[in-house]
Each structure stands twice: as structure tokens, then as C-alpha cells.
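Student: Below: one structure in C-alpha cells.
What follows is calculated from the coordinates using simple rules that are stated; it is not laboratory data. The structure presented is a predicted model; accordingly, all values stated were derived computationally and were not measured. Reconstructed Cβ throughout: ideal geometry from the backbone, glycine too, with neighbour counts over all protein chains shown.
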Amino acid sequence: MRKELLSSLLLTIVCIVFFSGIYTVVMWGIAQLSPNKGDGFVVTANGKTYYENVAQKFTDDKYFMTRPSAVDYNAAGSGGSNKGPNNPEYLADVQKRIDTFMVHNPDVKKSDIPSDLVTASGSGLDPDVSVQGANVQVARIAKVRGLKEDAVKKLVDEHIEKPLVGLFGPEKVNVLRLNIDLDKLK
């Protein structure tokens, strides 16, 4: 019994030292090698500071809308809804989002709405939309802002991020950066 107790105590001490000290220092060191030294990507626009890697809520029709958030865009409480695709509440939420999207984009057919514009991401904080998710909003934004659709479409094309190393993940558009540059268009 004494041998097991000492082994357990030793393992506890080793784990505390490793996970509270060594692991933490190694992760901090790796973060120092990353862009912005692990502090996230801070953007300042119109006198406000944003993190471009955390979703922002855009509700005005003159802006591109981002993905819905199960946590109301609160970075302190990241998480999904944990409701399955057959859950009646989840289906009602998705239908409500579709209806809202259709009100703001009456020229878009329901079948043309990309799923990322009506379903929340796993974290509820995804700052990106699919290229299709951005393109389906071009007509509304051009109309509201009095711009040519070609100019808005060109701006979307300039903000397309390719997959990591050309292999990992889909093409995407960061909504915050896109909306900041959209404000610069005349």
C-alpha cells in the first residue's frame, strides 16, 4: 500500500510540474514564434479595436453578415449549441435564420443560401464565411450602398483566403476585414 501511495504522489508531483510549468513555457515559446506573438490579430477601425480571428456581429444591411453564433459572439463563452440536426429547436433556429436572411436578401432564392449563413460554427465565433456566403450578399450590399455589384464582387474576390498550404480547409472570407475595406469603397 505504501508503494502505491508513493507512486501516486510522485506521479501527481511530476504532472503538476510538467503541466503547470514545462508545458506552459513550451506553449508560450511556440506562441512567440507565431505572428503577433500569440496575442491574436488586433485590428483598429473607426476608433474601435477588434480581434479579426473572432467573429463580430454585423446586422446592418450595408455590411456582410457573418455566421450565426450560438453564444451571441461572446468570446468568453465559446461553444456550440450541442443540438443535433434533427432537434426540433435547432431546426426552428435554422428556419428562423433562413427567414431573416430572406427578408434582408429578397432577390436570393432559398436554395442558394449557403449553410454557413444559417448554421452556427462549433465555437460560435467563426470569423469567416464561405466564398459563396459572401457572394450571395453582394447584390444587397451594392444596392444599399449605391455601388456597382462588380466593385463589391471584386472586393470579395480580393479577400478570398486560400486553404492552408493549398490543401487544408476550404477557401474562405474574413468578414471583419471585408467589412472594414467595404467602408473604404466610395
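Student: Tabulate in residue order the Karplus-calculated ³J(HN,Hα) for the stretch 89-104, using 6.51 cos²θ - 1.76 cosθ + 1.60 with θ = phi - 60°, rounded to whole Hz; enter x for Gly and Pro.
Tutor: 3J(HN,Hα) across the stretch 89-104, in whole Hz: 5, 5, 4, 5, 4, 5, 4, 4, 5, 4, 4, 5, 4, 5, 5, 7.
Student: For the stretch 1-143, just say rounded, prolate or oblate: build the C-alpha gyration tensor, square-root its eigenvalues into a ≥ b ≥ c, call rounded for a/c under 1.5, and beyond that prolate if a/b exceeds b/c, oblate if not.
Tutor: Oblate.
Student: Could you work out how far helix 175-184 tilts from the main Cα principal axis of the chain, as a 0 to 90 degree angle to the nearest 10?
Tutor: The angle comes out at about 40 degrees.
Student: Which far-off residues, 5 or more places away or on another chain, put their amide H under 5 Å from the one on residue 55, with H placed in the peptide plane?
Tutor: Under 5 Å from the amide H of residue 55 lie the amide H atoms of 126, each far enough along the sequence or on another chain.
Student: Go through the stretch 163-168 residue by residue and turn each phi into a ³J(HN,Hα) via Karplus (6.51, -1.76, 1.60, θ = phi - 60°); whole Hz please, and just put x for glycine and proline.
Tutor: Values, residue by residue: x, 4, 6, x, 10, 9 Hz.
Student: Give the peptides 164-175, 8-19 in descending order of average Cβ contacts within 10 Å, highest first.
Tutor: Ranked by mean Cβ neighbours within 10 Å, highest first: 164-175, 8-19.
Student: If contacts are Cα pairs under 8 angstrom and at least 6 residues apart, what is the relative contact order of the stretch 43-184 in percent?
Tutor: 28 percent
Student: Another question, then. For 1, 102, what's the fewest-to-most ordering of other Cβ within 10 Å of each Cβ?
Tutor: 1, 102
Student: Each residue of the stretch 14-27 in turn: what ³J(HN,Hα) in whole Hz from Karplus with 6.51, -1.76, 1.60 and θ = phi - 60°, glycine and Pro shown as x?
Tutor: Per-residue couplings from phi come out as 4, 5, 4, 5, 5, 6, 8, x, 4, 4, 4, 5, 5, 5 Hz.
Student: Of the residues 72, 61, 112, which exhibits the maximal mean-square fluctuation in a Gaussian network model of the chain defined by a 10 Å Cα contact cut-off?
Tutor: Sorting by GNM fluctuation, first place goes to 112.
Student: To the nearest 10 degrees, how steep is helix 149-158 against the longest Cα principal axis of the chain, on a 0 to 90 scale?
Tutor: Between helix and principal axis, roughly 20 degrees.
Student: Now a separate question. Setting aside same-chain residues fewer than 8 positions from residue 153, which lysines have a Cα under 28 Å from its Cα?
Tutor: Of all the lysines, those that pass the test against residue 153 - Cα under 28 Å, at least 8 places apart if same chain - are 48, 57, 62, 96, 109, 110, 143, 162, 172, 184, 186.
Student: Can you order the peptides 80-90, 49-59, 143-153 by their average number of other Cβ atoms within 10 Å per residue, highest first?
Tutor: With the highest mean Cβ count within 10 Å placed first, the list reads 49-59, 143-153, 80-90.
Student: Relative to the Cα centre, what is the charge dipole magnitude of the chain, using +1 at the beta carbon of each Lys and Arg, -1 at the beta carbon of each Asp and Glu, and rounding to the nearest 20 debye?
Tutor: Using only the charged Cβ atoms, the result is roughly 140 debye.
Student: Let me ask something additional. If we count other beta carbons within 10 Å of each Cβ, what is the order of 66, 100, fewest first?
Tutor: 100, 66
Student: Sort 104, 159 by Cβ crowding within 10 Å, fewest neighbours at the top.
Tutor: With the sparsest Cβ surroundings first, the list reads 104, 159.
Student: Would you mind checking which residues have amide H under 5 Å from residue 45's amide H? H placed 1.01 Å from N; only 5 or more apart, or other chain.
Tutor: So residue 45 has HN proximity to 50.
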